[in-house]
Amino acid sequence: MSTDIIKRIESLSPLPKTIIDIEEFRKKSDKEASDLLEIIEKDALIISTLLKISNSAMFGFRSKVETPSRAVNLLGINFTITIAIGGTIQNLLKTNLEPYGITSDDFMRTSNLSSSLVSLWLGKVNYDLKEELLLPALLQETGKFILADNIINDGKCEEFKAKISSGINLALAEKEVVGFSSSEITAKIFRHWKLSENLIELIENVDNISNCDERIKEKVQILDVIKTACEITNPLSQKNITLAIKKAKNYGLNVKALEEAIEKLEDRLLDE
C-alpha cells in the first residue's frame with residue numbers, strides 16, 4: 001500500500017465518543033431502544049441525519065418523522081445504529097469525490113439505498129442476516145473518500161475518469177490506478193478505528209469472494225450483489241440491476257426476493 005494512503009489513514013481523527021458508545025451498545029445481546037436514544041440524543045449531527053433519512057422517500061413513512069424517538073421506533077434499533085455510524089463516519093472522511101463524478105450527498109444517498117435494499121431483500125428471507133448486513137452494506141464503499149483524495153493528489157483524476165467512462169468495473173479501475181480497491185481501504189480504515197472484526201472481514205472480502213472463508217461466503221456474495229446494484233456512479237441503473245440479478249443467480253441467492261425488493265425501492269424513489 002502506498003505510503004501516502006497509510007499516512008492518511010493513520011492521521012484520521014479518532015471516532016467520536018458517541019460512536020464508540022454505539023459500538024459498545026451494538027455488541028450487547030439485550031438492546032433497549034431507550035438506551036440507544038440516550039446515546040444518540042447527545043449528538044446533533046446524528047439526530048439531524050436520522051430525521052433527514054427517516055423522511056426520505058426510500059422509507060415511505062406516511063407522516064413526517066419529527067422526533068428521534070419516533071425515528072428509532074419506525075426504523076428499528078439496528079437500522080438506527082447503521083444510520084448513526086454511517087453518517088458520522090462519512091462526515092469524518094468528507095472529501096472531494098470528483099474522481100467518481102459524485103458529491104458527498106450523492107454518496108450518502110447511495111449508501112442509504114444499499115442498506116434499504118438489504119432490508120427489503122432479506123427482511124422476509126432471513127431476518128438475522130438482514131440485521132447483520134445492514135451496516136456493512138452501508139459502509140462498504142467508505143474507502144472511496146481516501147482513494148479519491150489520493151487520486152486527486154497524484155494528479156490521476158482524468159486517467160481514473162477515463163477508465164470509469166470506458167465501462168470498466170470500479171474496483172478494477174481503483175486497483176489499476178491506485179493499487180487497491182475501495183473494500184481493501186475501507187477495511188484498513190476500520191481496523192485503524194478498531195471497529196468490529198466481523199464487520200471488517202465481510203467488507204474486506206467483497207472483491208475476493210473466490211478466496212474467502214466458506215463461513216462468510218454467502219454474506220459477502222450478498223454484499224457484492226448490493227454493491228453492484230447500487231454502484232455509486234449510477235445506482236439502480238438498468239445495467240447495474242441486470243448485472244446484480246445475474247450475480248445473485250450465479251451465487252444461488254434468492255433472486256425473486258431481490259427483484260421484488262428492487263421494484264419496491266424503485267417505486268418509493270419515484271415519489272422523491
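The values are calculated or read from the model by the stated rules, or taken from the named source; none is laboratory data. Note that the structure is a prediction, hence the values are computed from the model and not measured. We place every Cβ from the backbone using ideal geometry, glycine too, and count neighbours over all the protein chains shown.
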Test: residue in the stretch 6-28 that is at pLDDT 90 or above, within 24 Å of residue 174 (Cα to Cα), of a type in the set (Val, Ile, Thr) and assigned to a helix (DSSP H, G or I): yes
Checklist (1) within 17 Å of residue 89 (Cβ to Cβ); (2) at pLDDT below 90 applied to residue 58, failing item: (1)
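Take the stretch 16-42 and flag every residue that is in contact with an Asp or Glu (Cβ under 8 Å, 6 or more places away or on another chain) and of a type outside the set (A, V, I, L, M, F, W, C). Please lay out each step first, then the result.
Taking the stretch 16-42 as the starting set, the residues that turn out to be in contact with an Asp or Glu (Cβ under 8 Å, 6 or more places away or on another chain) are 16, 18, 25, 39.
Of everything in the stretch 16-42, those that are in contact with an Asp or Glu (Cβ under 8 Å, 6 or more places away or on another chain) and of a type outside the set (A, V, I, L, M, F, W, C) turn out to be 16, 18.
Of the residues 202, 236, 253, 223, only one is touching a residue at least 24 places away in the same chain (Cβ under 8 Å) and either out of contact with any helix residue (DSSP H, G or I) (no Cβ under 9 Å at 6 or more places or on another chain) or at positive phi (or both); which? Walk me through it before giving the result.
Numbers: 202 fails: either out of contact with any helix residue (DSSP H, G or I) (no Cβ under 9 Å at 6 or more places or on another chain) or at positive phi (or both); 253 fails: either out of contact with any helix residue (DSSP H, G or I) (no Cβ under 9 Å at 6 or more places or on another chain) or at positive phi (or both); 223 fails: either out of contact with any helix residue (DSSP H, G or I) (no Cβ under 9 Å at 6 or more places or on another chain) or at positive phi (or both).
When all the criteria are applied, what remains is 236.
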The stretch 35-67: number of residues that are buried (at least 19 other Cβ atoms within 10 Å of the Cβ), in contact (Cβ under 8 Å) with a residue 24 or more places away in the chain and part of a helix (DSSP H, G or I): 6
Residues being among the small types (Gly, Ala, Ser) and more than 28 Å from residue 17 (Cα to Cα) - total across the stretch 186-217: 1
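Just checking: which of the helices (runs of 4 or more DSSP H) contained wholly in the stretch 95-181 hold 1 or more residues that are under 16 Å from the mean Cα position of the chain (by Cα)? Walk me through it before giving the result.
On the way: elements: 104-122, 127-139, 144-153, 157-165, 170-177.
Helices (runs of 4 or more DSSP H) meeting the threshold: 104-122, 127-139, 144-153, 170-177.
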Positions within the stretch 182-221 being assigned to a loop (DSSP other than H, G, I, E, B), of a type in the set (D, E, K, R) and farther than 22 Å from residue 14 by Cβ, in sequence order: 207, 213
Some residue of the stretch 3-23 being touching a residue at least 12 places away in the same chain (Cβ under 8 Å), within 26 Å of residue 120 (Cβ to Cβ), out of contact with any Ser or Thr (no Cβ under 7 Å at 6 or more places or on another chain) and crowded, with 18+ Cβ neighbours inside 10 Å: yes
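With 245, 241 as the choices, which residue is out of contact with any Asp or Glu (no Cβ under 8 Å at 6 or more places or on another chain) and part of a helix (DSSP H, G or I)?
Details: 245 fails: out of contact with any Asp or Glu (no Cβ under 8 Å at 6 or more places or on another chain).
That would be 241, the only listed residue that is out of contact with any Asp or Glu (no Cβ under 8 Å at 6 or more places or on another chain) and part of a helix (DSSP H, G or I).
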